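J.: Structure in structure tokens, see below.
Every number in this text was worked out from the coordinates using simple rules, so none of it is lab data. All figures in this text were calculated on a predicted structure; none of them were measured in a lab. Cβ placement follows ideal geometry from the backbone for every residue including glycine, while neighbour counts extend to all protein chains displayed.
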Amino acid sequence: MLRNGTVKGKLVALPWYTDAGLLYYRKDLLQKYTAAVPTTWDAMSSTAARIQAGERAAGQSKLWGYVWQGNAYEGLTCNALEWLLSYKAGAIVAADGKLNVNNAKAALALSQAANWVGNISPPQVLDFREEEARKMFQAGDAVFMRNWPYAWQLLNKPDSPVKDKVGVTLLPKGGEDGRHAAILGGLELAVSRYSKQPDLAASLVLYLTSVQEQKRRAIVGGYNPTIAQLYFDMEVLAANPFFGSLPDVFANTYSRPSSITRKSYNEVSTEFWTSVHGTLAGKSSAKDELKSLESRLLPLAKNGAW
């Protein structure tokens with residue numbers, strides 16, 4: 001399912017587990033309000049607002065419509081890239097290395113997200129990472145959540161307030177003419193060239209990435225295998241029923257532009273999440289932030305491209 005870790009055609013790592021952004025939702029609340037699982041951000045926003053208002057009127061004062069990762073860190077880069085890609089607004093840098101982040105669709109996507117803050121998302125979402133969002137959702141205080149697959153098993157622990165009440169689906173599209181887009185995550189294992197025991201280390205990597213071990217980790221820990229056949233394994237599906245829908249999620253994944261920007265990626269991502277956070281916090285408009293971001297990224301590239 002995941003490509004092997006290669007650099008210039010040379011195998012340097014093996015995929016251990018994969019990851020992608022998902023939309024979690026409260027099945028019971030959508031059923032209560034006769035609401036469909038949203039397929040667009042507009043539908044998600046309106047459904048979240050309607051259920052939030054209804055539940056608060058019924059006494060659930062802590063309920064919010066949507067929680068996600070809004071802190072100024074790499075997780076915000078993932079969230080924001082999913083918004084941009086869903087609107088077909090590019091991914092900061094195009095495949096040919098040219099900057100493409102300063103455009104009207106990107107501004108629309110970020111402006112929409114900024115409007116969530118304080119309306120369907122709590123103001124403190126600007127400090128949220130994965131666990132803050134997961135804990136609020138698991139406490140029963142949110143209708144929708146963007147998070148990684150790891151959250152599933154925690155949400156369905158025997159003592160979880162939302163056990164058996166949670167559904168999982170693709171992240172919404174940016175309008176009917178948009179697309180589902182999830183940022184690809186995961187981890188690969190490699191052997192250091194400085195290892196004193198390279199053969200032993202390589203044997204460990206082969207064991208950890210084997211079908212048997214990936215199956216065990218999927219069942220016990222909810223880790224997403226990198227071997228396609230395990231998504232159809234009955235024992236894996238019994239432990240993680242939503243794994244059956246993940247092939248569709250992984251078919252709509254996109255990588256961050258690290259292979260294009262190379263050594264500059266960390267700086268590019270930092271500049272990006274800083275601008276996005278500024279928009280979300282209301283410091284300036286998405287249009288102005290993207291224009292400023294472009295001007296800051298240009299010196300990192302050569303003639304506007306990597």
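J.: Starting at the first residue of segment 204-221, write each ³J(HN,Hα) from the Karplus equation 6.51 cos²θ - 1.76 cosθ + 1.60 with θ = phi - 60°, in whole Hz, x for Gly and Pro.
T.: Listing the rounded values in order: 5, 4, 4, 5, 5, 9, 6, 4, 4, 6, 5, 5, 4, 5, 5, 6, 7, x Hz.
J.: Taking 8 Å as the Cα distance limit and 6 or more residues as the minimum spacing, I'd like the relative contact order of the chain as a percentage.
T.: The value is 29 percent.
J.: OK, next. Could you give the radius of gyration (one decimal) and Dmax (whole number) of the Cα atoms in segment 94-227, in Å?
T.: When restricted to the Cα atoms of segment 94-227, Rg and Dmax are 19.9, 56 Å.
J.: Additional query: Give me, ordered by chain and number, the residues 5 or more places off Val166 or on other chains with an amide H under 5 Å from its own placed amide H.
T.: Amide H neighbours of Val166: Lys27.
J.: Let me ask something else. Along the charge dipole of segment 93-243, which of Tyr207, Gly140, Val117 sits closest to the positive end, that is, farthest toward it, with unit charges on the beta carbon of Lys, Arg, Asp and Glu (+1, +1, -1, -1)?
T.: Tyr207
J.: Moving to a separate point now. What percentage of all Cα-Cα pairs in the chain are separated by more than 32 Å?
T.: Summing the P(r) of the chain above 32 Å gives 31 percent of all pairs.
J.: Taking θ as phi - 60°, what are the ³J(HN,Hα) couplings along segment 139-152 by the Karplus curve (6.51, -1.76, 1.60), each to the nearest whole Hz, with x for Gly and Pro?
T.: 6, x, 9, 8, 8, 10, 8, 9, 7, 8, x, 4, 5, 4
J.: With all pairs of different alpha carbon atoms counted, what Kirkwood hydrodynamic radius in Å does segment 1-107 show?
T.: 17.2
J.: May I ask for the Kirkwood hydrodynamic radius of segment 167-306, worked out over all distinct Cα pairs and given in angstroms to one decimal?
T.: Its Kirkwood hydrodynamic radius stands at 18.9 Å.
J.: In a solvent-free Debye calculation with one equal scatterer on each Cα, what is log10 I(q)/I(0) for segment 20-72 at q = 0.18 Å⁻¹, listed in the order of the q values?
T.: The computed values of log10 I(q)/I(0) come out as -0.61.
J.: Quick one: plug the Kirkwood hydrodynamic radius of segment 97-174 (C-alpha pairs) into Stokes-Einstein at 20 °C, 1.002 mPa s, and report D in µm²/s.
T.: D, rounded to a whole number, is 148 µm²/s.
J.: Follow-up. Show the residues, 5+ positions off or on another chain, whose built amide H is closer than 5 Å to the amide H of Tyr17.
T.: So Tyr17 has HN proximity to Leu187.
J.: So what's segment 31-172 giving for Cα Rg divided by 2.2 N^0.38 Å, two decimals?
T.: Dividing the Cα radius of gyration by 2.2 N^0.38 Å gives 1.09.
J.: Still on this structure: Which order results if Lys88, Lys32 are arranged by neighbouring Cβ count within 10 Å, fewest first?
T.: Ranked by crowding around the Cβ, least crowded first: Lys32, Lys88.
J.: Right, here's the next one. What value does segment 167-207 have for Rg/Rh, both radii from Cα atoms and Rh as Kirkwood defines it?
T.: 1.40
J.: Near the amide H of Ala142, under 5 Å away, which other amide H atoms are found, from residues 5 or more places off or on another chain, if H is placed in the peptide plane?
T.: The answer is Trp64.
J.: What fraction of the DSSP beta bridges in the chain is antiparallel, stated in percent and rounded to the nearest 5?
T.: Of all bridge pairs located within the chain, approximately 75 percent are antiparallel.
J.: In addition: Ordered by residue, what ³J(HN,Hα) values in Hz, to whole numbers, does segment 278-288 give under the Karplus form 6.51 cos²θ - 1.76 cosθ + 1.60, where θ = phi - 60° and Gly and Pro are x?
T.: Once θ is set to phi - 60°, the couplings for segment 278-288 become x, 5, 4, 7, x, 6, 7, 6, 4, 4, 5 Hz.
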